[in-house]
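Below is one structure; the comments refer to it alone.
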Amino acid sequence: MVSALLGVRGMRMIWVGWAEIDDTTAAEREQIRRTLWRRGCVPVFLTKEEARLHYAGFCNDVLWPLFHYVVSRMPDIKTDLRSGFHAQWEAYQAVNGHFAAAVARVARPNDLVWVHDYHLMLLPGLLRARQPRLRIGWFLHTPFPSLEV
């Protein structure tokens, strides 16, 4: 993906992504933002708990198995509501919200925004609600599961 886009000219491109840095001060985060912005990047900062519940939790415990037909690993909603499933879902929504806020700060009306993979499946809808004129694409890197799943 990155290699393919290196040849694109005459188009403003900004990368928005998780910075994977969680033990910084507000001043350090601001310095990181300024440095990355000069390189066309916008960091999204998550807490360790948000990252754990979103990525290792909801994405890997719920979505990855669904997209790879491993339904035997699906959480049991009745028991897993007490054991953390709900917290994972809340984190998934919150992280998608953090990305929506970051993209909304830099996206102009009529910009084209590409969202990648199941980690950010809520993001297109959140962006549409904030900026109805954005052109939004979503790319899933795995085949969408069949109706049986």
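Just how large is the dipole of the chain about the Cα centre, in debye to the nearest 20, putting +1 at every Lys and Arg Cβ and -1 at every Asp and Glu Cβ?
880 debye
Can you tell me which of 123-136, 21-34, 92-105 comes out highest on packing, and rank the rest after it, using the mean Cβ neighbours within 10 Å?
Top to bottom by mean Cβ count within 10 Å: 92-105, 123-136, 21-34.
Over the chain, calculate the relative contact order: mean separation of alpha carbon pairs under 8 Å at least 6 apart, over the residue count, as a percent.
For the chain, the relative contact order is 21 percent.
Taking the Cα centroid of region 108-123 and of region 82-105, what is the distance between the two, rounded to the nearest whole Å?
15 Å
Let me know the Kirkwood hydrodynamic radius for region 101-149, please, with Cα pairs as the basis and the value in Å to one decimal.
11.7 Å
Skip the ligands, DNA and RNA, and give the accessible area per residue of the chain with a 1.4 Å probe, whole Å².
That works out to 64 Å² per residue.
With point charges of +1 on the Cβ of Lys and Arg and -1 on the Cβ of Asp and Glu, referenced to the Cα centre of the chain, which listed residue (PRO132, ALA26, ALA87) lies farthest in the positive direction of the dipole?
Among PRO132, ALA26, ALA87, the one farthest towards the positive end of the dipole of the chain is PRO132.
Tell me what the chain gives for mean residue ellipticity at 222 nm when only DSSP H runs of n ≥ 4 count, each as -39,500 (n - 2.57), the sum divided by the residue total, rounded to 500 deg cm²/dmol.
-11500 deg cm²/dmol
What is the local net charge at LYS48, summed over the other residues whose Cβ is closer than 15 Å to its Cβ (Lys, Arg +1; Asp, Glu -1)?
Surrounding charge for LYS48 is -3.
Which order do the peptides 57-69, 107-119 take when ranked by the mean count of other beta-carbon atoms within 10 Å per residue, highest first?
Result, highest mean first: 57-69, 107-119.
What do you get when you divide the Cα radius of gyration of the chain by 2.2 N^0.38 Å, with N the number of residues?
Against the empirical 2.2 N^0.38 Å value, I get 1.15 for the chain.
The values are calculated or read from the model by the stated rules, or taken from the named source; none is laboratory data. The structure displayed is predicted, hence computed values, not measured ones. For neighbour counting, all protein chains shown are included, and Cβ atoms are generated from backbone atoms with ideal geometry for every residue, glycine included. Just the protein is used for accessible areas: all its heavy atoms, side chains included, with ligands, DNA and RNA removed. Shrake-Rupley method; radii C 1.70, N 1.55, O 1.52, S 1.80 Å.
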